[in-house]
1. Criterion first (more than 29 Å from Ala109 (Cβ to Cβ), in a helix (DSSP H, G or I) and either in contact with an Asp or Glu (Cβ under 9 Å, 6 or more places away or on another chain) or not aliphatic (A, V, I, L, M) (or both)) does Arg216 satisfy it?
2. Return the residue satisfying two criteria in turn: it lies in the range 108-162 and is over 14 Å from the mean Cα position of the chain (by Cα), among the aliphatic types (A, V, I, L, M) and assigned to a helix (DSSP H, G or I), and of such residues it is surrounded by the fewest Cβ atoms within 10 Å (Cβ to Cβ).
3. Give the number of residues within the range 198-211 that are farther than 13 Å from Ile145 by Cα and surrounded by 15 or more Cβ atoms within 10 Å (Cβ to Cβ).
4. For the subset of the range 10-19 comprising residues that are surrounded by 11 or more Cβ atoms within 10 Å (Cβ to Cβ) and farther than 16 Å from Glu63 by Cβ, which member is farthest from the chain's Cα centre (by Cα)?
5. Of the conditions (1) within 22 Å of Ala135 (Cα to Cα); (2) surrounded by 18 or more Cβ atoms within 10 Å (Cβ to Cβ), Leu25 clears all except one; give me its number.
6. Quick one: Pro61 ticks every box in (1) surrounded by fewer than 18 Cβ atoms within 10 Å (Cβ to Cβ); (2) out of contact with any Cys (no Cβ under 9 Å at 6 or more places or on another chain); (3) free of Cβ contacts under 8 Å to residues at least 40 places away in the same chain; (4) under 24 Å from Ala135 (Cβ atoms) except a single one, so which number is it?
7. Against the condition out of contact with any helix residue (DSSP H, G or I) (no Cβ under 8 Å at 6 or more places or on another chain) and part of a loop (DSSP other than H, G, I, E, B), how does Asp7 come out, does it pass?
Amino acid sequence: MSAPAFDPYALPGMPVLPEAQRQALEAAYAVPARAYHSFAHVGEVMRQVAGVAQGPGWAQPREVWLAALYHDAIYEPGARDNEARSAALAREAIARWLPDAGIDAGRVAGLIELTARHGQFAPADFPADAQGDDARRFLDCDMAILGAAPAAFDAYDRAIAAEYRGRVPGWLYRINRRRFLAALLRRERIYLSDDFHARLDAAARANLRRALNAKR
């Protein structure tokens, strides 16, 4: 398993996780072997989380941090319950290892479950309050790869294909992948928060158009 480029545990003010919890979490991300949804991906999402923490900030920083840590802990390519199972694992871990830390486990689970609907939300789907801001930015952190430099986006696109290889027929993967990318490109807003939209929208649309042209 490749190591994260950004240490997911290093955000200031976060609880110190017991070593057993860390080991269990990282072991979960290693099964099955993953080309993209690995613990390295958690590090990249956490880099975005840290950027928000240094800028507009989070209303519930510890809950966002734990949601980022656990959001893809259970991942089987093509499964429909990955997010629900990851949310359940996060709840169990909080109850087992952080019972007295004052963590809102329901909020952690709820943020993770939102990731099942990437590309389906509009900004107005969340309340105009601090919790709504957290939800919008949390989802944007996970989707920041769409607006990455072209080489990083292309590596992501290849890695997703590798995760599905041998699990679904190639022709079906290509149809569904193209459909997903095209649906994102058609959306009025790819990013739900104003700060991510301003920073990444143009690059994300350029990457999506290039990827769709390559898949024709």
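No value in this document is a laboratory result; all are computed from the given coordinates. If you're wondering where the values come from, they're calculated on a predicted model, not measured in any experiment. Note: ideal-geometry Cβ built from the backbone for every residue, glycine included; neighbour counts use all protein chains shown.
1. On the way: more than 29 Å from Ala109 (Cβ to Cβ): yes; in a helix (DSSP H, G or I): no; either in contact with an Asp or Glu (Cβ under 9 Å, 6 or more places away or on another chain) or not aliphatic (A, V, I, L, M) (or both): yes.
No; evaluated as a whole, the condition is false for this residue.
2. Ala151
3. Here the count works out to 1.
4. Within the range 10-19, the subset surrounded by 11 or more Cβ atoms within 10 Å (Cβ to Cβ) is 10-11, 14-15, 17-18.
Still in the running and farther than 16 Å from Glu63 by Cβ: 10, 18.
On the way: Ala10: 18, Pro18: 23 Å.
The extreme case among them is Pro18.
5. With (1) within 22 Å of Ala135 (Cα to Cα); (2) surrounded by 18 or more Cβ atoms within 10 Å (Cβ to Cβ) applied to Leu25, the lone miss is (1).
6. The single condition Pro61 does not satisfy is (3).
7. Details: out of contact with any helix residue (DSSP H, G or I) (no Cβ under 8 Å at 6 or more places or on another chain): no; part of a loop (DSSP other than H, G, I, E, B): yes.
The answer is no for Asp7.
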